[in-house]
């Protein structure tokens, strides 16, 4: 092998080494960026879930305080206390709406999920509406409203724990999230009342419980009825 050939061979080896190192670095950077993005998303999801837990506690706190105020005066005669509770209830409800917005835009939701989120939204609004109207929230641990609210809250946490939509679904972008949000927001107070009426007869007042299967069956029935109505409107 001549000297020129040896130089060319060494240059070729060096070039290949540089190319391999460059490709390895690029792949490593891509993997690292993907891992960091996944880590940040997980941290954000954990923070949102923790915030939802706080809002669940805030609901119970405001509900108990509003009940105590009603025990001393019905209707309440302290406008300052009522206004303060109403402000907190509005803030908490707005934070819940923000979380539901995030879920609607990031999760692949089934029909029953939509019902759960929509009915939980309506249940959470009951507190603010009751304070606004000066009416007591007459929920106790033996009432179907209390039991159903707790089940719906757990279902929302379960939905939040799921992974985000796949890349294929995310490509549909705004349309997918907007449709989910529209469906969640379509549920009204009458739907919440309908759910309570469906499960009230199954309430075990001694234990303060409703069989979970009964609540889930009622949610599925409401979901099917809503789908049927939509199909009729399209036909």
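The values are calculated or read from the model by the stated rules, or taken from the named source; none is laboratory data. Predicted model, so just to flag it, every value in this text is computed and none were measured. For neighbour counting, all protein chains shown are included, and Cβ atoms are generated from backbone atoms with ideal geometry for every residue, glycine included.
Scanning region 85-121 for residues that are without any contact (Cβ under 8 Å) to a residue 12 or more places away in the chain and surrounded by 14 or more Cβ atoms within 10 Å (Cβ to Cβ) gives no hits. Here residue 40 passes the criteria (1) modelled with pLDDT under 90; (2) closer than 20 Å to residue 102 by Cα; (3) surrounded by 12 or more Cβ atoms within 10 Å (Cβ to Cβ) except the one numbered (3).
Would it be correct to say that residue 30 is in a helix (DSSP H, G or I), surrounded by 13 or more Cβ atoms within 10 Å (Cβ to Cβ) and modelled with pLDDT under 75? Answer is no for this residue.
Might you check whether a residue that is in a helix (DSSP H, G or I), at pLDDT 80 or above and out of contact with any helix residue (DSSP H, G or I) (no Cβ under 6 Å at 6 or more places or on another chain) occurs anywhere in region 169-177? Checked against the condition, which is being in a helix (DSSP H, G or I), at pLDDT 80 or above and out of contact with any helix residue (DSSP H, G or I) (no Cβ under 6 Å at 6 or more places or on another chain), region 169-177 yields no hits at all. The set of residues from region 180-222 being within 20 Å of residue 103 (Cβ to Cβ) and at pLDDT below 85 is empty. Of all the numbered requirements in (1) surrounded by 15 or more Cβ atoms within 10 Å (Cβ to Cβ); (2) in a loop (DSSP other than H, G, I, E, B); (3) under 17 Å from the mean Cα position of the chain (by Cα), residue 162 misses one, and that requirement is (1).
Determine whether region 125-134 contains at least one residue that is modelled with pLDDT under 90 and either assigned to a loop (DSSP other than H, G, I, E, B) or under 25 Å from residue 107 (Cβ atoms) (or both). Checked against the condition, which is being modelled with pLDDT under 90 and either assigned to a loop (DSSP other than H, G, I, E, B) or under 25 Å from residue 107 (Cβ atoms) (or both), region 125-134 yields at least one hit. Here residue 138 does not qualify as at pLDDT below 75, more than 20 Å from residue 110 (Cβ to Cβ) and in a loop (DSSP other than H, G, I, E, B). Within region 125-147, the set of residues being surrounded by 19 or more Cβ atoms within 10 Å (Cβ to Cβ), touching a helix residue (DSSP H, G or I) at 6+ places or on another chain (Cβ under 6 Å) and in contact (Cβ under 8 Å) with a residue 60 or more places away in the chain comprises 127, 131, 137, 139, 144.
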